[in-house]
Structure formats: C-alpha cells, structure tokens
Amino acid sequence: MKFNWAVMSLIGTICIVPSWLGVSFFERNYHVRPEVFMIWYFFGVIIGTGCVLALKGVCIIPAPAPWLSIIAIGLTFGVVANIMLFAATAIAPNPGLPSAIASSASVLVFVLSLLFFRLFPSYFNEVAFDGYHLIGLVITIAGVIMMVKPR
C-alpha cells in the first residue's frame with residue numbers, strides 16, 4: 001500500500017502521540033526520568049524499524065562517509081535535541097507544548113531547504129515556495145509565539 005507524503009505525515013503524527021504522553025506518565029507513575037524513557041523508546045524504534053526494513057529487504061548500512069556523517073549528526077544535534085525535548089515534555093504545563101514548539105522547526109527547515117536548493121541544486125531537492133506557503137509559515141510562527149508567551 002502506497003501513501004502520499006501528507007497521509008504518511010498524518011499517520012506518523014498520530015502514532016507519535018503516545019510517546020509524548022508517555023514521558024510525563026512514566027515519570028509520574030514509575031519515576032522513569034524523561035531521558036531514560038527516551039533511551040528505551042528509541043531502542044524500541046531501532047528494533048522495530050530494523051525489523052520492518054529487513055522484511056522489505058532494505059540494506060540499513062550506508063556507505064562509510066554518509067554513515068559517519070549521520071552518526072556525527074546524531075551524536076551532536078540529535079542528542080541535544082532529544083534530551084531537551086523529552087526533559088521539557090516532563091515539566092511543561094502541557095506535554096504537547098514542547099512537541100508543538102519542536103514542530104515549528106519546520107519553518108527553519110522549509111526556509112533552509114529553499115536556500116540550500118538555490119545555492120547547491122545538485123545536492124538538494126527542488127523546493128516549492130509561493131505566497132500560500134509564506135502564509136502558512138507566518139501562521140506557524142504566530143502559533144508558537146502564542147503558545148510560549150505568558151498571558
């Protein structure tokens with residue numbers, strides 16, 4: 001069964017909800033620190049994803065140069081991002097707020113994707129951008145400001 005990117009994004013979004021809700025639940029009821037929850041959660045993600053890809057016959061080991069770069073990104077940005085987000089989820093006034101704020105990274109990714117495509121078209125995919133997308137970016141930024149600004 002093939003899905004388009006929007007349907008896949010919606011399914012992924014729905015499926016990630018239990019992990020965000022689980023952070024504060026497991027800390028409150030079982031005294032599992034958010035960072036420990038994150039480690040075991042990602043352990044499950046790795047095992048499950050590996051099994052799904054193995055069933056599809058996909059090789060999960062890239063060439064050495066990309067492999068080392070991917071690991072380096074995970075060891076730097078991935079570690080900081082996930083520790084901060086999981087820890088924030090446990091102490092936020094609503095566990096959905098850190099996730100919503102993190103989703104606003106899409107604004108920066110969108111803008112940088114456009115810039116990188118323009119500067120390095122042989123390395124990055126083409127990016128669609130028009131007034132409609134600009135309005136969406138502005139609404140996203142306004143939404144994040146409304147969520148974090150005290151009333």
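Scanning region 43-99 for residues that are under 30 Å from VAL144 (Cβ atoms), outside any helix (DSSP H, G or I) and over 17 Å from the mean Cα position of the chain (by Cα) yields a total of 3.
Could you tell me whether any residue of region 115-136 is surrounded by 11 or more Cβ atoms within 10 Å (Cβ to Cβ) and of a type in the set (Ser, Thr, Tyr)? No, because not a single residue in region 115-136 is surrounded by 11 or more Cβ atoms within 10 Å (Cβ to Cβ) and of a type in the set (Ser, Thr, Tyr). Exactly one residue out of ALA63, ALA54, ALA72 is surrounded by fewer than 11 Cβ atoms within 10 Å (Cβ to Cβ) and farther than 21 Å from ASN94 by Cβ, and it is ALA63. Would you check if PRO150 is within 18 Å of the chain's Cα centre (by Cα) and either under 30 Å from GLU27 (Cα atoms) or surrounded by 16 or more Cβ atoms within 10 Å (Cβ to Cβ) (or both)? No, not satisfied.
What number of residues in region 105-151 are closer than 28 Å to LEU85 by Cα and polar (S, T, N, Q)? Adding up the residues that qualify gives 3. Against the conditions (1) of a type outside the set (Phe, Trp, Tyr); (2) closer than 19 Å to MET84 by Cα; (3) in a helix (DSSP H, G or I), VAL32 satisfies every one except (3). Comparison of ALA54, ALA87 shows that the only residue that is of a type outside the set (Lys, Arg) and over 17 Å from GLY22 (Cβ atoms) is ALA54. Looking only at residues of region 1-42 that are of a type in the set (Ser, Thr, Tyr) and surrounded by 11 or more Cβ atoms within 10 Å (Cβ to Cβ), we find that the one that is farthest from the chain's Cα centre (by Cα) is SER24.
GLY131 meets all of the listed conditions (1) more than 30 Å from PRO18 (Cα to Cα); (2) modelled with pLDDT of 95 or more but one, namely (2). Inspection of region 83-91 identifies no residue that is at pLDDT below 95 and loosely packed, with under 10 Cβ neighbours inside 10 Å.
The values are calculated or read from the model by the stated rules, or taken from the named source; none is laboratory data. Note that the structure is a prediction, hence the values are computed from the model and not measured. Backbone-built Cβ (ideal geometry, glycine too); neighbour counts: all protein chains shown.
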